[in-house]
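First up is the structure itself, then whatever we jot down about it.
What follows draws every value from the coordinates through simple rules; no lab data is involved. From a predicted model like this one, the values you see are computed outputs, not experimental measurements. Cβ placement follows ideal geometry from the backbone for every residue including glycine, while neighbour counts extend to all protein chains displayed.
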Amino acid sequence: MTMTDSAPNRRDFLSGRALVAAAERAGSQVADGIASALPPGRGPTLMLRTTAMATDFDVLLNPGGRPQQLTAASAALDEVARLEQQYSVYREDSELSALNRAAAI
């Protein structure tokens, strides 16, 4: 009896067959998602960029992507800016700089 015929048993688990079957199922789901995705549209690639903590952060998006991709990319760069505001020692107005100033008193 194969793994597809019945639920995995202890022998399948101990021999690794259950893991292989789970990996195959997960791989099939990923492949189905890729196969059903729309190909990128034609046109210029969209690049969002910010500089924080002396580093450039870029997000490249294919043209014709879903609107939520732009929203998610923008939110990710907003989070980078928020973290810089909080943790950068190079900004006088960051929370970490304020903490360091207070500790020096």
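Go through the stretch 68-105 and name the trypsin sites (Lys or Arg not before Pro) that are in a DSSP coil and have 12 or fewer other Cβ atoms within 10 Å of their Cβ.
none
Please identify every one of the GluC sites (Glu not before Pro) in the stretch 39-105 that sits in a loop by DSSP and has no more than 15 other beta carbons within 10 Å of its own beta carbon.
For GluC sites (Glu not before Pro) across the stretch 39-105 that sit outside H, G, I, E and B with at most 15 neighbouring Cβ atoms in 10 Å, the list reads Glu92.
Subtracting the Cα-Cα distance from 0.36 nm times the residue separation, let me have the gained length for Leu60 to Arg25 in nm, one decimal.
Between Leu60 and Arg25, full extension yields 9.6 nm more.
Can you tell me, using C-alpha contacts under 8 Å and at least 6 residues apart, the relative contact order of the stretch 46-104 as a whole percent?
This gives 23 percent for the stretch 46-104.
Assigning unit charges at the beta carbon (Lys, Arg +1; Asp, Glu -1) and nothing else, what dipole magnitude in debye, to the nearest 20, does the stretch 46-104 show about its Cα centre?
Taking the Cα centre of the stretch 46-104 as origin, the dipole is about 120 debye.
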